[in-house]
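Have a look at the structure below before the remarks.
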Amino acid sequence: MHVDPLEKKWITVSIFLVVFFIAVLGFYAIGANVNPPSNVEPIDSVRLHLTEEFAEDNLGVRKEDDGSVTVTMVAARYGFYPQRIEVPANTPVTFRIASADVLHGVHGPFTNMSTMVVPGYVSQVKTLFPKPGEYPLFCNEYCGLGHDHMWARLIVTPQS
Ligand code: CUA
């Protein structure tokens, strides 16, 4: 089979790129431990308010015995509940978020807080905020006409 020399060059470049991309993926997945959240926890979105964890009165910030903080939130068109979250800096924070209706997302610019909130599942993200300050949390999955107005306020307080 005849392969043109120029074609041969491009085949080599393509193979190199594929190997390079697999190496980059491997480096971040194994070396830097960057992985999608592995928590798979189904929940009935329609009955969220009837569950103990996601009932309206139980949403918000909770201090755990080990010093960490758990934030329970509901994402629903078009807001996050509660809308204001206050957590201490340099403290492990576990977000547990469920959608009451459609697909939403939570993204905190300048933090590593970012996740999809898929209806029917609990999105769990473990993170830590080193810098005190006020951060917005935006919905970053188009969820309807009010998508642009769907956000929450995250306040990171200096550690006492
Ligand atoms: Cu919720 Cu976009």
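The values are calculated or read from the model by the stated rules, or taken from the named source; none is laboratory data. Since this is a predicted model, take the numbers as computed values, not measurements. With ideal geometry, Cβ positions are generated from the backbone for all residues, glycine too; neighbour counts draw on all protein chains shown. Surface areas here come from the heavy atoms of the whole protein model, side chains and all, with no ligands, DNA or RNA. Shrake-Rupley method; radii C 1.70, N 1.55, O 1.52, S 1.80 Å.
What the table below lists for this structure:
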quantity: From L103, L137, residue being farther than 17 Å from V69 by Cα, surrounded by fewer than 18 Cβ atoms within 10 Å (Cβ to Cβ) and within 16 Å of the ligand (Cβ to nearest atom); calculated: L103
quantity: Selection within the range 106-126 - over 21 Å from L48 (Cα atoms) and either within 12 Å of the ligand (Cβ to nearest atom) or buried (at least 17 other Cβ atoms within 10 Å of the Cβ) (or both); calculated: H107, G108, T111, M113
quantity: Test: residue in the range 16-29 that is touching a residue at least 40 places away in the same chain (Cβ under 8 Å) and open to solvent by 40 Å² or more (accessible area, probe 1.4 Å); calculated: no
quantity: Search result, residues across the range 40-64 that are open to solvent by less than 60 Å² (accessible area, probe 1.4 Å), out of contact with any Gly (no Cβ under 9 Å at 6 or more places or on another chain) and of a type in the set (V, I, T); calculated: T51
quantity: Residue under evaluation L48, criteria (1) modelled with pLDDT under 90; (2) in a loop (DSSP other than H, G, I, E, B), criterion not met; calculated: (2)
quantity: Subset tally (residues that are of a type in the set (D, E, K, R) and more than 10 Å from the ligand (Cβ to nearest atom)) for the range 140-153; calculated: 1
quantity: Verdict on Q159 being under 24 Å from V40 (Cα atoms), away from the ligand (no atom under 16 Å from the Cβ), touching a residue at least 60 places away in the same chain (Cβ under 8 Å) and out of contact with any helix residue (DSSP H, G or I) (no Cβ under 9 Å at 6 or more places or on another chain); calculated: no
